[in-house]
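Participant: Sharing a structure below in C-alpha cells format, with a few things to ask.
The values are calculated or read from the model by the stated rules, or taken from the named source; none is laboratory data. This is a predicted model, so every value here is computed, not measured. Please note: Cβ atoms are built from the backbone with ideal geometry, for glycine as well, and neighbour counts cover all protein chains shown. For the accessible areas, the whole protein counts, side chains as well, though only heavy atoms, and no ligand, DNA or RNA atoms are used. Shrake-Rupley method; radii C 1.70, N 1.55, O 1.52, S 1.80 Å.
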Amino acid sequence: QRLKAAVHYTVGCLCQEVEEDKDVQFSKQSIAAISEITFRQCGTAGCFLILCRHAKRTTVNTEDVKLLARRSNSLLKYITQKSEELASSNMEQKEKKKKKSSAAKGGRTPGEQEAAVTENEDSNMA
C-alpha cells in the first residue's frame, strides 16, 4: 500500500508539472487512473524481469530491459540511447583510470615508455 501511495503521489507531481508546462488540467480521477496503470505496468515489468531467471542468471542486464520495452518504440529508443551513453561514460572512466595508474607507476604512458627505451638504446649505440 505504501508503494502504491508513493506511485500515486509521484504521478500527481508529474501531472502537476505537465499542467504548468502545457496549460492543461488533470482531474483527480485521471491521476488515479494513470497511477493505477503505472503501478500495474511496474508489476508486470517486475514479473517479466523475474522470469529472466529462466536463463539461470541472477542479474538483470540491459538486454532484458530492452526486451521488456520492445512494445514501445519511443521507450526502447530512450533506453537504448541511455544505455549507450552509460557504456561510453564507463569506457571513458576506465581509460582515465588506466592513464592515472600508468602515470603513477612510471610517470609515462606505454607509448612514452617505448619511445624512452628506443631513445636510450640509440644513445647507447652512439
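Participant: Taking the simple approach of a point 7 Å from Cα along Cα-to-Cβ for both Thr44 and Ala6, what is their distance in nm?
Facilitator: Taking the two extended label points, one gets 2.2 nm.
Participant: Past the 13 angstrom mark, what percentage of all C-alpha to C-alpha distances in region 1-44 do you count? Could you put the intermediate results ahead of the total?
Facilitator: On the way: 496 of 946 pairs.
Value for region 1-44 (Cα pairs over 13 Å): 52 percent.
Participant: First select every other residue whose beta carbon is under 12 angstrom from the beta carbon of Lys77; then total the charges, Lys and Arg +1, Asp and Glu -1.
Facilitator: Values: positive: Lys66, Arg70, Lys82; negative: Glu84.
With Lys, Arg at +1 and Asp, Glu at -1, the net is +2.
Participant: Treat each spin label as a single point 7 Å out from the Cα along the C-beta direction, and report the Leu76 to Leu14 distance in nm.
Facilitator: 2.1 nm
Participant: Here's another thing I want to ask about it. Hey, any idea what % of region 20-61's accessible area is carbon plus sulfur with a 1.4 Å probe?
Facilitator: On the way: 2140 of 3640 Å².
Using a 1.4 Å probe with all protein chains present, region 20-61 comes out at 59 percent carbon and sulfur.
Participant: Which FRET efficiency value, to the nearest 0.05, do you get for Lys56 and Leu86 by plugging their Cβ-Cβ distance into 1/(1 + (r/R0)^6) with R0 = 30 Å?
Facilitator: Values: r = 25 Å, r/R0 = 0.84.
My answer for the efficiency is 0.75.
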